[in-house]
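Note sheet for the following structure.
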Amino acid sequence: MKTNHNQLCTALFAVIVLVLLPSTLALADNIYVATGGNNTILRFDSSGNMTVFANSGLSDPVGLAFDSSGNLYAANYLGNTIEKFDSSGHGTVFANSGLNYPDGLAFDSSGNLYAANAYNNTIMRFNSSGIGTLFANSGLNHPAGLAFDSSGYLYAANFSNNTIERFDSSGNGSVFANSGLSYPWGLTFDSSGYLYVANTGSDTIERFDSSGHGTLFANSGLNTPMGLAFDGSGNLYVANQGNNTIEKFNSSGIGTIFASGLSGPSSFAVQTPEPATLLLLGLGGLVLRRRK
């Protein structure tokens, strides 16, 4: 009976691995970029191969964010809407009220979507049904990129006054950083908790520690850098709107061109396998190896 039980477990894990393996490979390091010049969202694999993910329901898309179910959300800067796309690129309107030239997007750990309104200096919070409430309306000056840290604080890049504002869960804000910034736009955190900021005015990327102390991370290969995003291997991708390229930086700040010939790239969203999926895949592989 024990042998049959072990064989059953092995077979079960094998089935799980075979089912999950294709989807895991499909999700690994897929990089999505919004291109406002032709109102599309492009998808790149880790090798730089490109496909069109979506090209309808978009009006100068600038902010991108994934929810926990793998749906991609895009802020339509000129349309004052947020579009929601399923994994096949089929889009529907998620929100069309409370928006005023929406820019950056970010999800909190509870699944609420936050949108920066560039023209009325507010941040809106939307529940899963697309119902919005005002989250913050102070400490903002043309807010652009948004990003959450691991403690649940929301950071907003103030494009017009060269500051980064940090908000608690109640919407109370304070200045996190006000040096080393020049028309900041994109924000993203690395796995160690450092905040990276794209300076569109100085063509640099600044890195800040948890105390708001900044150091220069990169100052080459950049041309009006906007969106930022890390892949699962710790590489930083930068959307260069000034020369229609994507630059890829390693952890030392050394950059190479990842893609070129784009049309107004502005922001990223990176989709990688969930840790639980990778763990399950690893366990399945372990069982298969033990079977030999």
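The values are calculated or read from the model by the stated rules, or taken from the named source; none is laboratory data. All of these numbers come straight from a predicted model, not from anything done at the bench. We place every Cβ from the backbone using ideal geometry, glycine too, and count neighbours over all the protein chains shown. In case anyone asks, the SASA skips ligands and DNA or RNA and just uses the protein heavy atoms, side chains included. Shrake-Rupley method; radii C 1.70, N 1.55, O 1.52, S 1.80 Å.
Charge tally around GLY130: other residues with Cβ under 14 Å, Lys/Arg +1 each, Asp/Glu -1 each, net 0.
The HN-Hα couplings worked out from phi for the range 113-119 by the Karplus form 6.51 cos²θ - 1.76 cosθ + 1.60 (θ = phi - 60°) are 9, 10, 10, 8, 8, 5, 9 Hz, whole numbers, x standing for Gly and Pro. The HN-Hα couplings worked out from phi for the range 238-250 by the Karplus form 6.51 cos²θ - 1.76 cosθ + 1.60 (θ = phi - 60°) are 10, 8, 8, 6, x, 10, 6, 10, 10, 9, 10, 10, 7 Hz, whole numbers, x standing for Gly and Pro. Solvent-accessible area per residue in the range 56-163 equals 40 Å², computed with a 1.4 angstrom probe and all protein chains kept. Counting charges near LEU236 (Lys, Arg +1; Asp, Glu -1) among other residues having Cβ under 14 Å from its Cβ returns a value of -3.
Summary value for the range 34-77: 33 percent relative contact order, contacts being C-alpha pairs under 8 angstrom separated by 6+ residues.
Rounded to the nearest Hz, the phi-derived 3J(HN,Hα) couplings of the range 220-226 under the Karplus curve 6.51 cos²θ - 1.76 cosθ + 1.60 (θ = phi - 60°) are 10, x, 10, 8, 6, x, 10, where x marks glycine and proline.
The distance linking the range 32-56 with the range 167-242 is 22 Å (Cα centroid to Cα centroid, whole angstrom). The packing ranking, built from the mean of other Cβ atoms within 10 Å per residue, places the peptides 219-229, 169-179, 118-128 in the order 219-229, 118-128, 169-179, highest first.
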